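Notes to accompany the following structure.
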Amino acid sequence: NAGTPKPDIPPAFLKRILVEYDKTPIQEVVKHCAATANVSVGLNLQALQDAGHDSSQPVSMALTEASVDTILRLIVSDLGDQLALRYEDDVAFISYADQRSHARRDEPFSDETPPSQNSLKLLQEHVIYQFDKTPFEQMLVFVQSKSGVSFHMQGSSVKQLAEDRNQLFLWTNPISHELALKMISECAGPGMRYSLLDGVIVIRSNRPTD
């Protein structure tokens with residue numbers, strides 16, 4: 001039944017649109033889909049680069065009518081098995097296929113320093129995010145200015161990744177600060193972790209050497 005939402009796919013991404021791309025850069029295609037269907041989409045440009053592509057990767061496609069989900073999946077299928085499309089809280093995110101590379105929030109470092117409930121509440125507030133190859137630290141500054149939560153990058157390797165691997169395209173309707181933070185952390189490299197330590201977000205790698 002075409003009118004029945006597919007499992008795990010937000011209904012908004014089943015909206016059918018007409019597309020005609022002729023060697024259009026992938027970033028512009030993603031932005032067009034988001035704007036046309038009024039949906040939230042993120043593209044991890046660092047993951048794209050790690051898979052041997054970049055934001056100018058050309059997309060050619062002519063479909064009289066297809067769902068946004070189908071369009072995004074067709075795009076990803078042409079990029080190889082290192083990338084995948086996933087949905088989180090009504091946001092489509094094209095990033096690493098390996099789940100071990102996904103960023104996530106860890107439990108507090110110590111039971112003696114649990115995250116403040118106020119910080120947790122602030123991170124759940126929703127705002128519009130629009131990043132276009134914005135540097136890592138500038139993205140964190142934006143989140144901090146909107147949420148009031150401070151950040152700390154733990155370990156020299158994380159700081160180096162933040163300087164060298166900072167590409168994210170994010171075009172959204174209002175989303176939570178925490179979801180934006182998760183995507184920002186993931187674009188700094190595979191397997192990034194973040195924890196709430198009192199009122200501070202600590203971003204670190206899962207590598208043993210860190």
Completion exercise
Picked from segment 77-98 (must be closer than 19 Å to Ile184 by Cβ and of a type in the set (Ser, Thr, Tyr)), the residue least open to solvent (accessible area, probe 1.4 Å) is Ser95
Exercise for the section: Evaluate segment 99-114: report whether one residue or more is hydrophobic (A, V, I, L, M, F, W, C), buried (at least 18 other Cβ atoms within 10 Å of the Cβ) and modelled with pLDDT under 90. Expected result: yes
Completion exercise
Over segment 1-26, the set of residues open to solvent by 100 Å² or more (accessible area, probe 1.4 Å) and modelled with pLDDT of 90 or more is Arg16, Leu18, Glu20, Asp22, Lys23
Problem - Check on Ser40, within 22 Å of His102 (Cα to Cα), polar (S, T, N, Q) and open to solvent by 10 Å² or more (accessible area, probe 1.4 Å) - result: no
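The values are calculated or read from the model by the stated rules, or taken from the named source; none is laboratory data. What you are looking at is a predicted structure, and each value in this text was computed from that prediction instead of being measured. Because the Cβ atoms are built from the backbone with ideal geometry, glycine has one as well, and the counts that use them run over all protein chains shown. When the accessible area is computed, the model is the full protein with side chains, heavy atoms only, and any ligands, DNA or RNA have been set aside. Shrake-Rupley method; radii C 1.70, N 1.55, O 1.52, S 1.80 Å.
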